[in-house]
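S.K.: To start, I am sharing the structure in question, which I have written as structure tokens.
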Amino acid sequence: VLGENGAGKSTFCQTLNGVIPQTRGGRMRGRVLVSGWDTQQATVAELAQRVGIVLEDPETQIFTTSVLNEVAFGPENLGVPPQEILHRARWALEAVGLNGYEDYAPTALSGGQKQRLAIAAALTMHPAVLVLDEATSQLDPMGTVEVFSVVRELNKQYGLTIVMATNKGEQVAQFCDRVLVLHEGELIARGTPREIFADTELLERVMIRAPQVSQLATYLEERGVHLTDFPITPDEARRGIIHSIRGSH
């Protein structure tokens, strides 16, 4: 989900787990259905078992004294049997690459590791949908790659539906299947990353920066150098430029 600051990305994310409208004021029109559940009818506690959400700052979601306690907290509150909790915890930590960190204090983890811990804590609830609301905005490039790589693996290996609000074009181009563009609280475009990043007028309107390789392709097109396919990743740009150079000779 792309959009400038104030476009409504966080509002959209919070409708998916019932926080809006059940705990936030305002008026709501229409319906939000998640896995067949109407988010205005089901409680936030019920929806928490179907929709996991990870926020921008992992510090706001991590509050126990060890990694294992953190991932066990959710299912413990649901009354899940101890052996099942341990099984879920081990699976979730392995899924995000934190197995072996069970006894670590969360404060000892890096920013990317903390965000992966927050994802693991959501996974132990066995959600059908995982929502990441600007979950990489405070991370350095290495931490961002860590989180996006984990998210892609969760989608590919476990079939988990991922909804991510972000403005990091390079990562969207590399990892995402579909893109929604919000502007002033409205959905104004949707399509594949290639379709969205090729629309320069749309990107200028909503003040979203395309991946650098896409900007390069636009620059070359304006100067008469035509690439066979509009690139959105470095590998695609490299192949396209090589093909164009060979074709010109």
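The values are calculated or read from the model by the stated rules, or taken from the named source; none is laboratory data. Everything numeric here is computed off the predicted structure, so don't read it as measured data. Note: ideal-geometry Cβ built from the backbone for every residue, glycine included; neighbour counts use all protein chains shown. When the accessible area is computed, the model is the full protein with side chains, heavy atoms only, and any ligands, DNA or RNA have been set aside. Shrake-Rupley method; radii C 1.70, N 1.55, O 1.52, S 1.80 Å.
S.K.: Give segment 95-132 a look and list any residue that's in a loop (DSSP other than H, G, I, E, B) and either under 18 Å from the mean Cα position of the chain (by Cα) or under 22 Å from residue 1 (Cα atoms) (or both), or say none. It would help to see each step written out before you state the result.
M.R.: Of segment 95-132, the ones in a loop (DSSP other than H, G, I, E, B) are 96-105, 109-110, 124-128.
Correct list: 96, 97, 124, 125, 126, 127, 128.
S.K.: All but one of (1) open to solvent by 90 Å² or more (accessible area, probe 1.4 Å); (2) modelled with pLDDT of 80 or more; (3) assigned to a helix (DSSP H, G or I) hold for residue 203; state the number of the condition that does not hold.
M.R.: Looking at each condition in turn, residue 203 falls short on (1).
S.K.: Regarding segment 103-120, can at least one residue be identified that is in contact with a His (Cβ under 9 Å, 6 or more places away or on another chain), over 21 Å from residue 167 (Cβ atoms), open to solvent by 10 Å² or more (accessible area, probe 1.4 Å) and not acidic (Asp, Glu)?
M.R.: We begin by selecting, within segment 103-120, every residue in contact with a His (Cβ under 9 Å, 6 or more places away or on another chain); these are none.
No: segment 103-120 contains no residue that is in contact with a His (Cβ under 9 Å, 6 or more places away or on another chain), over 21 Å from residue 167 (Cβ atoms), open to solvent by 10 Å² or more (accessible area, probe 1.4 Å) and not acidic (Asp, Glu).
S.K.: Does residue 138 fit the bill of being farther than 29 Å from residue 65 by Cβ, at pLDDT below 90 and polar (S, T, N, Q)? First the steps, then the outcome.
M.R.: Values: farther than 29 Å from residue 65 by Cβ: no; at pLDDT below 90: yes; polar (S, T, N, Q): yes.
No, not satisfied.
S.K.: Hey, another quick one. What are the residues in segment 41-94 that are part of a loop (DSSP other than H, G, I, E, B), closer than 22 Å to residue 112 by Cβ, open to solvent by 60 Å² or more (accessible area, probe 1.4 Å) and not hydrophobic (A, V, I, L, M, F, W, C), if any? Explain how you work it out, then say what you get.
M.R.: Here is the first cut: in segment 41-94, the residues part of a loop (DSSP other than H, G, I, E, B) are 41-43, 48-50, 55-57, 61-66, 78-81.
Now narrow it down to the ones that are closer than 22 Å to residue 112 by Cβ: 55-57, 61-66.
Adding the requirement that they be open to solvent by 60 Å² or more (accessible area, probe 1.4 Å) leaves 55-56, 63, 65.
Matches in segment 41-94: 56, 65.
Listed here are the residues, each with its yes/no results for (1) under 30 Å from residue 87 (Cβ atoms); (2) touching a Pro at 6+ places or on another chain (Cβ under 9 Å).
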position: 126; (1), (2): yes, yes
position: 129; (1), (2): yes, no
position: 134; (1), (2): no, no
position: 143; (1), (2): yes, no
position: 152; (1), (2): yes, no
position: 158; (1), (2): yes, no
position: 176; (1), (2): no, yes
position: 189; (1), (2): no, no
position: 193; (1), (2): no, yes
